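The values are calculated or read from the model by the stated rules, or taken from the named source; none is laboratory data. Bear in mind the structure is a predicted one, so any value in this text is a computation, not a measurement. Note that each Cβ is placed from the backbone with ideal geometry, even for glycine, and that neighbours are counted across all protein chains shown.
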Amino acid sequence: MGQNKNLDILKWLRIYLIITLAFILVACPTTDSLYREAYFRYLAKKDEEALALCQEIMARDASYTQAYILTSLILAVKGQTSKAIDVLVEAKDKARPEAVFYFNLGNLYFNTGDYTRACAEYTQALKLNSGLKEAYLNRANSFLALKEYAKALADYEDFLRLSSEERPEVRKLVELLKIDLKKN
């Protein structure tokens, strides 16, 4: 009889633990679910709500890269490019390294005319994902702005090699760069 009572207690204890765990999971959204909600708020043009959710995510998990990226995107769209850059620069030591993180930071630097820093960030993105063709294209554009034509040519060629789409404007630019480099 005592053994049956212990089994009943264990059964009820398991049920209690399952119910408690279910309540915790429902009452405390995961970081991923908070990010999805922030992203949906961003898509619904509710930027302030999305930013608040991103802040909550970063407070919970300072390494959650996507929250920094979304925050910087929202700030950049609002015309606050320097703040967007600050968010990503500050996150470099916190966030998990992802190619898209460095790619976005490169884009922000490019948009401010800081082509040297843009090149550095695109290079970092390519170290993490050598198949990120857009990073080759954008780094090539940065090299072009810096008048580093041989480097620009190499990146445009890498972009075309990786690209499945026909890009006649890039092909034309490659031909022009080859002609120009032969002259010099």
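Quick notes on this structure:
- Restricting Ser72, Ser142 to those that are in contact (Cβ under 8 Å) with a residue 24 or more places away in the chain and under 26 Å from Leu53 (Cβ atoms) reduces the list to Ser72.
- Count of the stretch 62-86 residues which are under 12 Å from the mean Cα position of the chain (by Cα) and assigned to a helix (DSSP H, G or I): 9
- Qualifying residue in the stretch 59-82 (condition: touching a Gly at 6+ places or on another chain (Cβ under 9 Å), of a type in the set (A, V, I, L, M) and surrounded by fewer than 22 Cβ atoms within 10 Å (Cβ to Cβ)): no
- Boolean, Phe110 is of a type in the set (A, V, I, L, M, F, W, C), touching a helix residue (DSSP H, G or I) at 6+ places or on another chain (Cβ under 6 Å) and surrounded by 21 or more Cβ atoms within 10 Å (Cβ to Cβ): no
- For Phe103, the conditions (1) within 13 Å of the chain's Cα centre (by Cα); (2) not assigned by TED's automatic domain parsing to the domain that holds Leu181 all hold with the exception of (2).
- Taking the criterion of being within 19 Å of Thr65 (Cα to Cα) and among the hydroxyl-bearing types (Ser, Thr, Tyr), the residues of the stretch 107-132 that qualify are Tyr109, Tyr122, Thr123.
- Qualifying residue in the stretch 34-52 (condition: closer than 29 Å to Arg171 by Cβ and either in contact with a strand residue (DSSP E or B) (Cβ under 8 Å, 6 or more places away or on another chain) or surrounded by fewer than 16 Cβ atoms within 10 Å (Cβ to Cβ) (or both)): no
- Evaluation of Asp86 against (1) outside the structural domain of Asp47 (by TED's automatic domain parsing); (2) modelled with pLDDT of 95 or more (one fails), failing number: (1)
- Residue check, Glu98 at pLDDT 95 or above and either acidic (Asp, Glu) or in contact with a strand residue (DSSP E or B) (Cβ under 7 Å, 6 or more places away or on another chain) (or both): no
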